[in-house]
Amino acid sequence: MERIKVTQEDKQAFDRDGYWISPKLLTDEEIARLRAAHERVWMRDFDREGLPLFHSYAPYTHDLPHLRKVDNSWLINDTVREIVTSPALGEMAADLLDEDSIRLWHDQVIYKPGLNGQVSRIGNVGWHQDYGYWESSNTSNMVTVWIALQDTDLTNGGMMTILGSHKWGIIKDSNTFFEPNLDLLRDKFATENREWVEEPCIMKAGQASFHHALTFHGSGPNLTADPRLSIVAHLMPGNTAYQEGPQRHPNVQLLGPHPYNGQKFDNEFFPLLYSRS
Ligand SMILES: O=C(O)CCC(=O)C(=O)O
């Protein structure tokens with residue numbers, strides 16, 4: 001992966017908008033390897049034993065319009081592991097979040113099938129805040145790195161962010177990834193004092209968008225014939241600890257059988273990507 005230095009301007013854009021799109025980070029060869037890794041994950045052809053979390057798992061077929069998503073796939077696929085634990089990603093995240101060290105919280109492999117003329121909401125990702133799922137973490141200063149494995153825009157269901165929405169704080173019941181009705185969610189979350197400005201994340205293959213854990217984002221239908229593939233790294237500061245919250249993220253189990261308030265996410269399930277010291 002290319003080591004890109006985040007500039008002051010990039011950091012200002014991230015702080016202002018709640019997201020930032022990087023230059024191309026992956027070589028064409030890495031993109032091809034990650035696309036092959038995708039196929040293998042969906043075929044359940046794993047490099048090693050591990051406990052990936054499949055959501056809405058659909059059998060491997062190209063004609064089902066369902067979104068496919070698996071978390072913790074870095075445990076079973078070595079190519080995904082290499083990318084989502086890359087020190088280069090860690091350093092960029094540390095610079096954007098203004099933190100001294102960065103760990104992996106979890107990854108995602110996401111496959112959005114092409115509708116190719118069908119009309120369906122089934123592959124949409126509802127407007128949500130990532131921290132709406134992550135309140136077991138004692139900081140919301142976390143970031144999601146969404147890496148495009150093909151050119152991505154609104155025609156193939158690319159992600160959109162809501163400009164500046166990370167400044168709204170955590171909004172109640174914003175864990176709405178799996179609600180495909182974007183209009184319904186917009187009407188729920190956009191209020192008089194929350195200006196709702198939708199910003200498409202337009203990327204070339206190998207570019208990444210970094211969005212803050214409080215930034216609302218979602219995505220619409222993939223109207224093309226080809227699937228939209230991405231690899232995602234959710235990253236947190238190195239000293240993040242568990243806190244009891246309104247809901248417990250499944251990865252809290254990786255802390256052991258008796259997680260306690262203040263317990264650091266610092267075991268082998270949460271690898272350190274980068275530290276300034
Ligand atoms: O893939 C998408 O369209 C959305 C992904 C997402 O919500 C995320 O990675 O945080």
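The values are calculated or read from the model by the stated rules, or taken from the named source; none is laboratory data. Quantities reported herein were computed from a predicted structural model and do not represent experimental measurements. All Cβ positions, glycine included, derive from the backbone under ideal geometry; neighbour counts span all protein chains shown. The protein model used for the area step is the full one, side chains on, heavy atoms only, and it has no ligands, DNA or RNA in it. Shrake-Rupley method; radii C 1.70, N 1.55, O 1.52, S 1.80 Å.
General observations
- Residue identified as modelled with pLDDT of 95 or more, of a type in the set (Ser, Thr, Tyr) and more than 21 Å from Met203 (Cα to Cα) among Thr27, Thr79: Thr79
- Qualifying residue in segment 214-226 (condition: in contact with a His (Cβ under 8 Å, 6 or more places away or on another chain), in a loop (DSSP other than H, G, I, E, B) and among the aliphatic types (A, V, I, L, M)): yes
- Positions within segment 182-225 being surrounded by fewer than 16 Cβ atoms within 10 Å (Cβ to Cβ), in contact (Cβ under 8 Å) with a residue 24 or more places away in the chain and away from the ligand (no atom under 15 Å from the Cβ), in sequence order: Arg194, Glu195, Trp196, Val197, Lys204, Ala225
- Criterion violated by Ile102 - all others in (1) in contact with a strand residue (DSSP E or B) (Cβ under 6 Å, 6 or more places away or on another chain); (2) within 16 Å of the ligand (Cβ to nearest atom); (3) of a type outside the set (Asp, Glu) satisfied: (2)
- Any hit, segment 164-171, residues being of a type in the set (Val, Ile, Thr), under 18 Å from Asp17 (Cα atoms), open to solvent by less than 30 Å² (accessible area, probe 1.4 Å) and in contact with a Cys (Cβ under 7 Å, 6 or more places away or on another chain): no
- Thr139 vs. criteria within 16 Å of the ligand (Cβ to nearest atom), touching a Ser or Thr at 6+ places or on another chain (Cβ under 6 Å) and at negative phi: no
- Unique residue being touching a strand residue (DSSP E or B) at 6+ places or on another chain (Cβ under 9 Å) and within 16 Å of the ligand (Cβ to nearest atom) when the list is Arg81, Arg68: Arg68
- When Gly123, Gly158, Gly117, Gly132 are screened for being within 14 Å of the ligand (Cβ to nearest atom) and modelled with pLDDT under 95, only Gly123 passes.
- Just so you know, in segment 228-255 the residues that are assigned to a loop (DSSP other than H, G, I, E, B) and at pLDDT 95 or above include one that is nearest to the ligand (Cβ to nearest atom), and it is Thr240.
- Test for Ser174: is it in contact (Cβ under 8 Å) with a residue 40 or more places away in the chain, among the small types (Gly, Ala, Ser), open to solvent by less than 10 Å² (accessible area, probe 1.4 Å) and closer than 16 Å to Leu214 by Cα: yes
- Scanning segment 1-52 for residues that are assigned to a loop (DSSP other than H, G, I, E, B) and open to solvent by 90 Å² or more (accessible area, probe 1.4 Å) yields Glu2, Arg3, Lys5, Met43, Arg44, Arg48, Glu49, Leu51.
- Residue list for segment 135-145, filter: over 12 Å from the mean Cα position of the chain (by Cα) and open to solvent by less than 10 Å² (accessible area, probe 1.4 Å): Ser136, Ser137
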